[in-house]
Amino acid sequence: MIFYCASNIDFALQADAGTLEMTSRHPCYSYEAHHKYARMHLPVAPRCNISCNYCNRKYDCVNESRPGVTSEVLTPEAARDKFLLVRNTIDHLSVVGIAGPGDALANWDNVRRTIELIKEVDREVIFCLSTNGLMLPKYAREIVELGVKHVTVTANCVEAVTGAKIYKHVNYLGRVYKGKAGAEILIKNQQKGIEYLARHGVLVKVNIVMVKGINDERIPEVVRFAKNLGAFITNIMPLVPAPGSVFENFAPTDPAELDRMRDICGQDMRQMRHCKQCRADAIGLLNEDRSLEFSAASKKQDIACGGCGTTRKVAIAPFY
Ligand code: CLF
Ligand code: SF4
């Protein structure tokens, strides 16, 4: 059944009832949910296929994270086991997200396998993916078929001339594209992907990193564009300059300017304002990261399998 929901700021949304129910338990998509519901990130996606100037690849993907934190990387099997452990320990775990430490779709086999394995042991959990969007034209259909209803795409601009200042290169289908050529491919693929996902009932969150003097003046345009493509919400994030990145000497985004930008864009589109720029292995409520409790990579743990109900000792083993 399709129905239309208008929020208090009157943004019409087309989504089925099940998806809207899930969204009310999603701590990032729903402000109210973030006080009660926890998410966990599974770091199963180490590689990336683009190079953002605000990124230093020693750290997690800055499109969803603060620079300066690094995560372990897990195999899909270890990720499933870690999920079971965390689910048995943490109350109100509603979302499993895959947000790096690289790009989810540059590691699609791992990501798909992880989702499939977790679906075998849990039918309730909500899956969430974060991507730069380059590979969406190739994988959006599979994302929809897997039943993923929440996808974040980081889209910082709508024209290649700005993109060339943000992306050093784009590695697409085995070729490396620099400057405007790379940005053009990335932007086109993001737009195609967002539109496809939205048309197929996925609630798309568009993250935008606000970089003064680079894309800040054009952000309202990006937000309107996201809205027209059918996105559900935008999340304008501050630049936190990463040491070793091209933008390392840029000033961090001024919080007052960020707030003003969210106010301006809020006239067009629902805005997320409670993002914590979490790490790729974040666990718990958005305000209370418990990832360190679960990061003892090789500890053996008793885990009750949600599929067969048996308990077994498993090692939460890292990928490398
Ligand atoms: Fe994770 Fe991202 Fe899904 Fe949330 S985080 S993949 S949408 S479950 Fe949330 Fe963290 Fe902000 Fe992301 S607070 S960085 S918006
Ligand atoms: Fe870094 Fe993420 Fe950009 Fe890849 S998409 S270069 S991991 S910020």
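The values are calculated or read from the model by the stated rules, or taken from the named source; none is laboratory data. All of these numbers come straight from a predicted model, not from anything done at the bench. In this analysis, Cβ positions are derived from the backbone assuming ideal geometry, glycine residues included, and neighbour counts consider all displayed protein chains. Heads up: the accessible areas ignore ligands, DNA and RNA and are worked out on the full protein's heavy atoms, side chains in. Shrake-Rupley method; radii C 1.70, N 1.55, O 1.52, S 1.80 Å.
A compact table of results
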item	result
Accessible-area composition of the chain, carbon plus sulfur, in percent [1.4 Å probe]	50
Potential extension, ARG175-LYS58 segment - 0.36 nm per residue separation minus Cα distance	39.8 nm
Members of LYS149/LYS192; LYS168/LYS188; LYS119/LYS192; LYS192/LYS227 lying beyond 23 Å, as alpha-carbon distances in this model show	LYS119/LYS192
Lys/Arg +1, Asp/Glu -1 at C-beta; the chain dipole; positive extreme among VAL246, THR19, ASN88	VAL246
Net length gained if the chain between GLU124 and LEU20 were fully extended (0.36 nm per residue, minus Cα distance)	36.0 nm
The chain: angle of helix 255-266 to the longest principal axis, Cα-based, in degrees nearest 10	80
Per residue, the convex hull volume that the Cα atoms of the range 11-314 enclose (Å³)	118
FRET efficiency, 1/(1 + (r/R0)^6) with R0 22 Å, evaluated for ARG66 and HIS35 via beta carbons	0.55
GLN267 paired with LYS188, simple spin-label distance in nm, labels 7 Å along Cα-to-beta-carbon	3.4
Accessible area of TYR37 in the full protein assembly, 1.4 Å probe (Å², nearest 10)	50
Helical contribution to [θ] at 222 nm, DSSP H n ≥ 4, -39,500 (n - 2.57), averaged over the chain, rounded to 500	-9500 deg cm²/dmol
DSSP-defined antiparallel bridges as percent of all bridges, the chain, nearest 5	45
Label point distance in nm, GLU145-ASP109, each placed 7 Å from Cα along Cα→Cβ	1.7
Mean accessible surface per residue for the chain, computed with a 1.4 Å probe while every protein chain stays in place, in Å²	43
Estimated dipole of the chain in Debye, rounded to 20 [Cβ of Lys and Arg +1, of Asp and Glu -1, Cα centre]	660
Efficiency of FRET between ASP254 and HIS274 - r from beta-carbon atoms, R0 25 angstrom, step 0.05	0.85
Spin-label pair LYS138/ARG218, simplified geometry with 7 Å Cα→Cβ offset, distance in nm	2.6
Trypsin sites (Lys or Arg not before Pro) lying in DSSP loop within the range 62-166, provided at most 10 other Cβ fall within 10 Å	ARG123
The chain: relative contact order in percent, alpha carbon pairs under 8 Å with at least 6 residues between	23
Pairwise centroid distance, computed over Cα atoms, of the range 79-119 with the range 201-250, Å	25
Selection from ALA231, CYS278, TYR54 lying farthest towards where the dipole of the range 11-314 points positive, charges on Cβ	TYR54
